[in-house]
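Each value in this text was obtained by applying a stated rule to the coordinates, not by laboratory testing. These figures come from a predicted structure and were not determined experimentally. Here the Cβ positions follow ideal geometry from the backbone for every residue, glycine too, while neighbour counts run over all protein chains shown.
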Amino acid sequence: MEPLLVVDDLHTLFTSPGGDVTAVNGVSFEIKPGETVGVVGESGSGKSQTFMSILGLLAANGVATGSARFNGQELIGASNKDLNKVRGRAIGIVFQDPMTSLNPYLTIGRQLTEMLMVHRNTSAKDARYAAAQALSTVGLPGPSAQLSRYAHELSGGMRQRVMIAMALIADPQLLIADEPTTALDVTVQAQILELLRNIGRDRQRSIILISHDFGVVAGLADRILVMYAGTIVEEGPAADVFQSPRHPYTQALMACTRGLDPESNEAPNPELPTGHLPTIPGQPPDLRRLPMGCAFQPRCSQARARCLLSAPESYPVGDERRSSCFLEREGMAPSLVPSP
């Protein structure tokens, strides 16, 4: 099966008065049709900027180089005219803050119908009917009545459902959900994740789920990409990554996830007692001045002298798995982070 999206050696650089910021540093991966991929890492790890680069949505001071081919079409360096044929139509996006992503001056119906009228050349009457159907699909009660409402009249969970409806209304092949459960309570969060699961299963659409929380992608992703300091440090099938994380950063992230059972890839139980919650020492690196060697070594309990001198490559770990740690090169799996 041919990949839907192929990203090769993607770099993203932002110029700033304080120095150049390398937000994405040599990222490569593939997304298959019908696959759900979880992209996990702390804030500032490059998750969102990777996909903003692919879609040509960088800030004015950002430049992306490398390659990103969607259905064989190169997106990096493409014109806005060509990108507009892909964005919304073939690739739908759910941004992490629906309150700021939705236009406060336009009704929900106007924003939904505009998607179809622009991307599918649909008549206003048919677009309005399709908009109500889309709201019904994402579980909003009284969908026809919701069309005349504004964003501020909806709860956070309802706004997020509207964003998902907007992303799906043009029936894209790929849905990118960027932190879709941010600022939602646990119950609504579970509903949104269940909605995304149903979309992937029923529509057979590819989904990229971006999150800082392993608990959010557990039970939903087929495959996991773990990012740190603009690079992918570990990737592999979700069940394998959850059961036996290889990179020290992945191990540390999983240890910090409340109620996550490392023996399964089920979502965490928020009702479990937490006890002492481990944390990763230190802070993510300043992307203007990355440390020498492995970017994670200042925070890694397993760092050795060689980790300070050069950055590790991405080494294969059995079938369909890779990890960027020198211990993999030596055939030694990094040891699990001990419990405090």
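Could you calculate the contour length gain from LYS32 to ASN84, that is, 0.36 nm times the residue separation minus the distance between their Cα atoms, to one decimal place in nm? Mind dumping the intermediate values first?
Working: separation 52, 0.36 × 52 = 18.72 nm, distance 2.22 nm.
Additional length available on full extension: 16.5 nm.
Using C-alpha positions alone, give me the convex hull volume of segment 71-204 per residue in cubic angstrom.
115
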Dimensions in Å of segment 27-126 - Rg and Dmax from alpha carbons: 15.4, 44
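Which whole-number percent gives the relative contact order of segment 110-212, counting Cα pairs below 8 Å spaced six or more residues apart?
Numbers: 99 pairs, mean separation 26.7, N = 103.
Taking the mean separation of contacting Cα pairs over the length of segment 110-212, I get 26 percent.
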Between helix 156-168 and the chain, what is the angle of the helix's C-alpha long axis to the longest principal axis, kept within 0 to 90° and rounded to the nearest 10? 80
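Fewest Cβ neighbours within 10 Å first, please rank MET1, MET115 accordingly.
Working: MET1 7, MET115 23.
By the 10 Å Cβ count, ascending: MET1, MET115.
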With +1 at each Lys and Arg Cβ and -1 at each Asp and Glu Cβ, the charge dipole magnitude of the chain around its Cα centre, to the nearest 20 debye, comes out at 820
To the nearest 10 degrees, the tilt of helix 186-203 (Cα long axis) against the first principal axis of the alpha carbons of the chain is 80
For a test of the definition: using alpha carbon positions, the gyration tensor, and the 1.5 limit on a/c, classify segment 147-201 as rounded, prolate or oblate. oblate
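Using every Cα-Cα pair within segment 111-154, state what percent have a distance larger than 12 Å. Intermediate results must be reported in sequence, preceding the final value.
On the way: 549 of 946 pairs.
Of the Cα pairs, 58 percent sit more than 12 Å apart.
Only Cα pairs under 8 Å and at least 6 apart count here; give the relative contact order of segment 1-69 as a rounded whole percent. If you can, show how the numbers build up before the last one.
Values: 111 pairs, mean separation 30.3, N = 69.
Once normalised by length, the contact order is 44 percent.
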What share of Cα pairs, in percent, lie more than 31 angstrom apart in the chain? 35
Can you list the lysines whose alpha carbon is less than 29 Å from that of LYS125, not counting same-chain residues fewer than 8 positions off? LYS81, LYS85
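Using Cα-Cα distances under 8 Å and only pairs 6 or more residues apart, what relative contact order does segment 189-244 have, in percent? Mind showing how you got there, number by number?
On the way: 37 pairs, mean separation 12.0, N = 56.
Rounded, it is 21 percent for segment 189-244.
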